[in-house]
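K.L.:
Following this message is one structure expressed as structure tokens.
The values are calculated or read from the model by the stated rules, or taken from the named source; none is laboratory data. The model shown is predicted, which means the values in this text are computed figures rather than measured ones. Glycine also receives a Cβ, built like all others from the backbone with ideal geometry; neighbour counts cover every protein chain displayed. Areas reflect the complete protein model, heavy atoms only, side chains present, ligands, DNA and RNA absent. Shrake-Rupley method; radii C 1.70, N 1.55, O 1.52, S 1.80 Å.
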Amino acid sequence: MKHILITGAAGFLGSHLCDRFIKEGYKVIGMDNFITGDIRNLEHLKSNDNFEFIEHDVTEYIDVDVTLDYILHFASPASPIDYLKIPIQTLKVGSLGTHNLLGLAKAKKARLLIASTSEVYGDPLVHPQTEDYYGNVNTIGPRGVYDEAKRFQESITMAYHRFHGVETRIVRIFNTYGPRMRLNDGRVIPAFMGQALRGEDLTVFGDGSQTRSFCYIDDQVEGIYRLLLSDYAYPVNIGNPHEISIRDFAEEIIKLTNTTQKVIYRDLPVDDPLQRQPDITLAKKLLNWEPKVEREEGMIKTFEYFKSLSHEDLFKREHRDFSKHIKP
Ligand code: NAD
Ligand code: UDP
């Protein structure tokens, strides 16, 4: 039986990856410190003999006493409001955390896949974004803590690959959505769906002409799975190229949720990228992968999930206590 360690297991992507690898017959070890995750995302695996959970901050030395064949490093705050609130932890998990996981992969002779992001392209001047574009990132802007941590993560991963011969994979993930996203994490889909469910107006930032391209979780997981098992060490974009402006997207959500609320406009956050669309030519060729789930279908499934949450979850204004994760 193959063993796989998944960091960020209590988060949105990490918990779906745990499910996928359990389904494929792996022994899965999930690791998380719950800084942005939720134990409820793993509740259904609690009594599964092939699942084990370790509560741990990956920026601290990682000790795992079993053999490991694969490691997926998905621990990191991922929503702009999360990484604005915890900038130092965001920098540390991408840098120190990745360093620890590379050391672990080297010691265990395991293959490590790291979760990179479309944010390495910053506010892109090339459209759609291909893997050979170097990006346009403001190092000192508020989003820089995430973007630069992820860029460093890619660099140190390639260095371990070249210098120590560690087997590594790098996925550049474009906006992915689906059940188990945190309703209050501030990302646009939970934000709009939460507002629709609470009967509030939908807040579009800026004039809403900025674009994004949304990928359903099942497609993303399939792409990551294929990349892990491939023999390609350079970055690969995984995302859905179907691009839409945020203004049109808000209208789409209003229709889909049958809400009578309207769109209201708020200030555009600093350095918010104006356009984003993955070029997935490489993933198609290399992994024979492309997304299958249409936006409407994925949005309906996601809305069903948010509808199933309790009244308390829906109306709870989240004030996460990050202080226990901050060292004096
Ligand atoms: P998430 O916030 O739901 O999950 C992240 C998980 O990592 C959480 O459970 C959190 O508690 C955990 N974590 C954070 N710091 C940690 C630490 N120091 N030690 C242990 N655990 C820690 O976010 P997500 O959307 O599931 O994102 C997962 C990964 O995918 C991240 O690395 C993110 O950068 C990347 N990614 C996601 C998207 C997306 O659209 N969802 C896009 C690009 C990249
Ligand atoms: N956005 C918005 N209203 C919201 C939340 C987000 O208009 O309530 C916009 C945000 O400014 C960005 C886009 O939606 O242009 C996607 O934001 P998200 O936080 O989901 O992720 P990003 O792609 O910016 O990392």
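K.L.:
Just one of the numbered conditions (1) without any contact (Cβ under 8 Å) to a residue 12 or more places away in the chain; (2) under 20 Å from residue 10 (Cα atoms); (3) not basic (Lys, Arg) is not true of residue 126; which one?
P.N.:
For residue 126, the exception is condition (2).
K.L.:
Further question: Output the number of residues of the range 124-179 satisfying the condition of being surrounded by 15 or more Cβ atoms within 10 Å (Cβ to Cβ) and more than 21 Å from the chain's Cα centre (by Cα).
P.N.:
Looking only at that region, the number is 5.
K.L.:
Which of the residues that make up the range 183-217 are modelled with pLDDT of 95 or more, charged (D, E, K, R) and within 15 Å of ligand 1 (Cβ to nearest atom)?
P.N.:
187, 212
K.L.:
Among 72, 68, 42, which is the only one that is among the hydrophobic types (A, V, I, L, M, F, W, C), open to solvent by less than 30 Å² (accessible area, probe 1.4 Å) and in a helix (DSSP H, G or I)?
P.N.:
That would be 42, the only listed residue that is among the hydrophobic types (A, V, I, L, M, F, W, C), open to solvent by less than 30 Å² (accessible area, probe 1.4 Å) and in a helix (DSSP H, G or I).
K.L.:
Can residue 232 be described as open to solvent by 20 Å² or more (accessible area, probe 1.4 Å), away from ligand 2 (no atom under 12 Å from the Cβ) and part of a loop (DSSP other than H, G, I, E, B)?
P.N.:
Yes.
K.L.:
Of all residues in the range 192-228, which are more than 20 Å from the chain's Cα centre (by Cα), more than 10 Å from ligand 2 (Cβ to nearest atom) and assigned to a helix (DSSP H, G or I)?
P.N.:
Hits for the range 192-228 are 196, 197, 198.
K.L.:
Right, another one. Looking only at the range 15-24, decide whether some residue is part of a strand (DSSP E or B) and of a type in the set (Val, Ile, Thr).
P.N.:
no
K.L.:
Within the set of pairs 6 or more residues apart or between chains, which connect a residue that is at positive phi inside the range 133-156 to a residue that is open to solvent by less than 60 Å² (accessible area, probe 1.4 Å) with Cβ atoms less than 6 Å apart?
P.N.:
135/120; 135/121; 135/122
K.L.:
Take the residues in the range 150-179 that are aliphatic (A, V, I, L, M) and more than 9 Å from ligand 1 (Cβ to nearest atom), then tell me which one is nearest to residue 286 (Cα to Cα).
P.N.:
Per the stated criteria, the residue is 170.
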